[in-house]
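What follows is one structure encoded as structure tokens, with my remarks underneath.
The values are calculated or read from the model by the stated rules, or taken from the named source; none is laboratory data. Values in this document were obtained by computation on a predicted structure and should not be read as measured data. FYI the Cβ positions are ideal-geometry reconstructions off the backbone, even for glycines, and counts take in every protein chain you see.
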Amino acid sequence: MPDPDHVGLVRAAQRGDALAMQELLGLLTPYVGRLCGPIALSDGPDATQEALISIFRNLRQLSEPAAVFGWARAIAVREAVRVARSARRTVPAELADVPAAGDPQLATDVRDVLDRLAPEHRAVLVLRDLEGLDERTVGDLLRVPAGTVKSRLFRARRSFRKAWER
Amino acid sequence: MNADWPVADLDPVRRMGVLAAGIPGSLFAVDVLDAPFDRVWAVAADLERELPKLVRDIRSMRIVRADGEVLVADAVGRLGLRDRFDVVLRPGWCVMQSTRVIGGMAAVADGAGTRFAFLGALRMPGVRLADPLLRRLARPVGRGMFRRLRDEVQQR
């Protein structure tokens, strides 16, 4: 019987069924990796592993198995920002310092532009542009007011798009 | 544009570490073997022949059903206890589970060598309480399994 929300799988994993756990791990790893990659960049694998460990250690606390991806997303973004901040090797530029289009310093790839943003701003971009969440939901996830999300997003996305379209 | 966002991946050994973290009381050990992945995994994946050599508690192992990467295997323990295992086996990844025991192996190429992980756990009530003690046992148990795995890889 089809189980589009993976409810049966999540329930079995919550009961400690290792085969269900490894199958759920196979489903969640690419999703968590897509969220952690753009936020934690070179620390993406560490962030992905930390997020998945937190997800699987706390799986029993998930009361709505159908919401597993949304629940995992909140943990992944939080862990990615935390890992990126603690591993930050250089202080990222303020958003205002991100080079404008035409600046010879400006690299053309997405990775380079993301590199110039703080992890919190990368998280806003990922949740809004990659996950398609509205500003209020993004604010709830990152524990900041929706207005802050909006202003961060406007500036981050402008820098991002200019670089991308160049 | 989404295709160009950086994506993070986890190799099978790190994934096995996640699985171990989610299984209370699991033994988890990682080491690097000085042999290429194909040679190491050829030993690990040969469950019937090699698992009784690697895991001391198993006397024999017999695959009774195979459907792609999903297998069913019957194991007989040293004390004669029989266990039926559901198994998922693919290159670099193996998880097996009976009503009493969980086992796992994972491997990934690491330069010219292979990073390899063993996982083992008992499925019983209260195992969560013994978690710190069991995790301390991982090192000596793992050392023995890795020694035997190295011997088997060398003999191939």
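See the values below:
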{"read-out": "Test set (1) buried (at least 19 other Cβ atoms within 10 Å of the Cβ); (2) part of a strand (DSSP E or B); (3) within 14 Å of chain A (Cβ to nearest Cβ) - B:V30 fails condition number", "value": "(1)"}
{"read-out": "Any hit, segment B:111-125, residues being away from chain A (no Cβ under 13 Å) and without any contact (Cβ under 8 Å) to a residue 12 or more places away in the chain", "value": "yes"}
{"read-out": "Residues that are in contact with a helix residue (DSSP H, G or I) (Cβ under 8 Å, 6 or more places away or on another chain) and either among the aliphatic types (A, V, I, L, M) or away from chain A (no Cβ under 12 Å) (or both), drawn from segment B:76-95", "value": "B:V87, B:V88, B:L89, B:P91, B:G92, B:V95"}
{"read-out": "Enumeration of residues in segment A:33-67 that are hydrophobic (A, V, I, L, M, F, W, C) and touching an Asp or Glu at 6+ places or on another chain (Cβ under 8 Å)", "value": "A:L35, A:C36, A:A40, A:L41, A:A47, A:A51, A:A66"}
{"read-out": "Meets criteria (at pLDDT 95 or above, at negative phi and under 12 Å from the mean Cα position of the chain (by Cα)) for A:V77", "value": "yes"}
{"read-out": "Residues of segment B:1-13 satisfying the condition of being among the acidic types (D, E) and not in a helix (DSSP H, G or I)", "value": "B:D9, B:D11"}
{"read-out": "Total residues in segment B:129-156, condition surrounded by fewer than 16 Cβ atoms within 10 Å (Cβ to Cβ), aliphatic (A, V, I, L, M) and touching a residue at least 60 places away in the same chain (Cβ under 8 Å)", "value": "2"}
{"read-out": "Residue check for B:M16: of a type outside the set (K, R), buried (at least 19 other Cβ atoms within 10 Å of the Cβ) and not in a helix (DSSP H, G or I)", "value": "no"}
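Quick grid of which residues meet (1) surrounded by fewer than 15 Cβ atoms within 10 Å (Cβ to Cβ); (2) part of a strand (DSSP E or B):
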{"site": "B:V40", "(1), (2)": "no, no"}
{"site": "B:E50", "(1), (2)": "no, no"}
{"site": "B:K53", "(1), (2)": "no, no"}
{"site": "B:R65", "(1), (2)": "yes, yes"}
{"site": "B:L79", "(1), (2)": "yes, no"}
{"site": "B:F85", "(1), (2)": "no, yes"}
{"site": "B:M96", "(1), (2)": "no, yes"}
{"site": "B:G103", "(1), (2)": "no, yes"}
